[in-house]
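Scroll down for the structure; my scribbles are underneath it.
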Amino acid sequence: MAAMGAGIIDRYAAYLPVTAATPRVTLGEGSTPLIRSSRIGPSLGIEQLYFKYEGLNPSGSFKDRGMAVATAKALEAKARTLLCASTGNTSASAAAYAARCGLRAVVVVPAGGVAAGKLAQALAYGASILVVNGSFDVALRLVRQLAGEPGVALVNSVNPFRIEGQKTAAFEIVEQLGDAPARLFIPVGNGGNITAYWRGFTELQRRDGRSRPVMYGAQAEGAAPLVRGKPVPRPRTIASAIRIGNPASWNSAIAAKDESGGTIATVTDAEIMAAHRRLSREEGLLVEPASAAGVALLIKMASAGRLSDGGSIVCVLTGHGLKDPQALTRGLRLPRPVRPTLSTLMRAIG
Ligand SMILES: *Cc1c(COP(=O)(O)O)cnc(C)c1O
């Protein structure tokens with residue numbers, strides 16, 4: 001196996017749908033740290049709590065794992081354009097990998113629905129950006145109509161190579177822990193990532209008989225179609241990455257929950273932001289709001305005594321905090337400049 005630091009295609013080629021002819025596209029994605037909780041876990045009475053910090057991927061989210069494989073397969077198929085609908089991170093990732101490989105990226109995003117950092121990324125990487133009056137679900141329906149067009153590769157998670165690339169995060173967790181965790185908490189939007197993790201753990205079970213974790217998916221209260229059992233026409237939440245009303249990977253997300261004996265449940269925006277604050281202030285881990293949803297569900301369940309003790313728990317932190325600076329500073333005031341005197345400094349130290 002190739003060393004940590006190589007991209008996921010090199011490291012996991014034997015378990016991915018690639019051949020010797022598939023270009024080894026990489027920006028160094030994957031190999032993200034699994035960080036043991038220093039304060040949240042102990043405060044909940046959970047001894048082995050870990051965070052898989054996917055915000056440290058090259059464009060700042062886990063989408064890069066899937067995008068590496070999807071881009072490699074697009075190149076192999078002689079595509080010239082990567083096309084996607086996006087709540088932000090898919091477009092940032094597609095734009096980065098397209099730039100890397102000399103492809104065009106065309107990204108379709110909902111007006112007002114994308115965090116500032118993500119849009120800035122797509123612009124900086126040189127993507128063509130189409131802002132549409134409509135939700136993410138409308139944007140996805142639109143781009144899916146062009147999926148079969150020659151020269152165009154649709155790189156949303158309906159692209160099976162995305163899920164294949166993303167399953168490598170489950171491989172890494174097992175390598176890092178030395179075993180599968182007992183439980184995995186993960187935010188759920190379109191349902192692609194929970195599908196990918198479950199596939200990864202399932203493949204490891206077939207390969208070497210490992211147990212699989214119980215899967216806990218977190219949806220935002222105002223955008224919880226998988227919990228309600230029907231699409232949500234106007235999804236609402238501060239966590240823009242999971243503001244999705246009609247998940248493309250609906251059935252496979254439900255299957256991951258059911259086969260693992262787990263649950264998909266809701267957390268409120270207030271619970272998401274409380275978890276977000278605790279990750280920043282008690283762990284030193286900066287994430288975007290959606291990434292805190294899994295931790296919010298863990299805190300909610302543990303506080304209600306709904307997690308019987310024992311075994312390791314992994315929370316997937318899906319995206320970096322700098323993606324969404326507005327959410328970070330909401331309700332906070334940046335300090336105003338003062339005179340640079342010893343007395344003002346002494347007062348600040350307290
Ligand atoms: C895409 C994304 C999600 C949701 O993943 P799905 O595969 O759509 O369920 C969660 N958090 C972040 C930061 C994302 O970018």
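The values are calculated or read from the model by the stated rules, or taken from the named source; none is laboratory data. Note that the structure is a prediction, hence the values are computed from the model and not measured. So basically every Cβ, Gly included, is an ideal-geometry build from the backbone, and we count neighbours across all protein chains shown.
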- Residue within segment 203-213 that is under 20 Å from G66 (Cα atoms), in a helix (DSSP H, G or I) and in contact with a helix residue (DSSP H, G or I) (Cβ under 9 Å, 6 or more places away or on another chain) present: yes
- P335: passes all of (1) in contact with a Gly (Cβ under 7 Å, 6 or more places away or on another chain); (2) surrounded by fewer than 19 Cβ atoms within 10 Å (Cβ to Cβ); (3) part of a loop (DSSP other than H, G, I, E, B) but (1)
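From the set of residues in segment 48-63 that are in a loop (DSSP other than H, G, I, E, B) and in contact with a helix residue (DSSP H, G or I) (Cβ under 7 Å, 6 or more places away or on another chain), which is farthest from the ligand (Cβ to nearest atom)?
Residues of segment 48-63 that are in a loop (DSSP other than H, G, I, E, B), as a first pass: 48, 57-60, 62.
Now restrict to residues that are in contact with a helix residue (DSSP H, G or I) (Cβ under 7 Å, 6 or more places away or on another chain): 57-60, 62.
Values: N57: 10, P58: 14, S59: 10, G60: 9, F62: 7 Å.
The selected residue is P58.
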- In segment 214-260, what residues are among the charged types (D, E, K, R) and surrounded by 18 or more Cβ atoms within 10 Å (Cβ to Cβ)? R243, K257
- Query: Hey, does segment 266-273 have a residue that's touching a helix residue (DSSP H, G or I) at 6+ places or on another chain (Cβ under 6 Å) and not hydrophobic (A, V, I, L, M, F, W, C)?
  - Reply: yes
- Query: Applying the selection to segment 188-213, what residues are surrounded by fewer than 22 Cβ atoms within 10 Å (Cβ to Cβ) and either within 13 Å of the ligand (Cβ to nearest atom) or acidic (D, E) (or both)?
  - Reply: R199, E203, D208
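Listed here are the residues, each with its yes/no results for (1) part of a strand (DSSP E or B); (2) within 16 Å of the ligand (Cβ to nearest atom); (3) over 27 Å from E175 (Cα atoms).
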residue: A274; (1), (2), (3): no, no, yes
residue: R277; (1), (2), (3): no, no, yes
residue: R281; (1), (2), (3): no, no, yes
residue: L285; (1), (2), (3): no, yes, no
residue: A293; (1), (2), (3): no, yes, no
residue: A296; (1), (2), (3): no, yes, no
residue: K300; (1), (2), (3): no, no, yes
residue: S308; (1), (2), (3): no, no, no
- Message: Within segment 137-171, take every residue that is farther than 16 Å from D64 by Cβ and acidic (D, E) and give me the one that is surrounded by the most Cβ atoms within 10 Å (Cβ to Cβ).
- Response: D137
- Message: Just to be sure before I move on: is S291 in contact with a Leu (Cβ under 9 Å, 6 or more places away or on another chain) and either surrounded by fewer than 20 Cβ atoms within 10 Å (Cβ to Cβ) or of a type in the set (D, E) (or both) in the structure I sent?
- Response: no
- The condition of being within 19 Å of the chain's Cα centre (by Cα), in a helix (DSSP H, G or I), modelled with pLDDT of 95 or more and surrounded by 16 or more Cβ atoms within 10 Å (Cβ to Cβ) holds, among G41, G30, G66, only for G66
- Message: Looking at segment 172-187 only, could you name the residues that are more than 9 Å from the ligand (Cβ to nearest atom), within 17 Å of the chain's Cα centre (by Cα) and surrounded by 24 or more Cβ atoms within 10 Å (Cβ to Cβ)?
- Response: I173, L184, F185
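Return the residue satisfying two criteria in turn: it lies in segment 236-272 and is of a type in the set (K, R) and over 18 Å from I163 (Cβ atoms), and of such residues it is nearest to the ligand (Cβ to nearest atom). Steps first, answer last, please.
If we filter segment 236-272 for residues that are of a type in the set (K, R), which is where we start, we get 236, 243, 257.
Adding the requirement that they be over 18 Å from I163 (Cβ atoms) leaves 236, 243.
Details: R236: 16, R243: 10 Å.
In this case the residue turns out to be R243.
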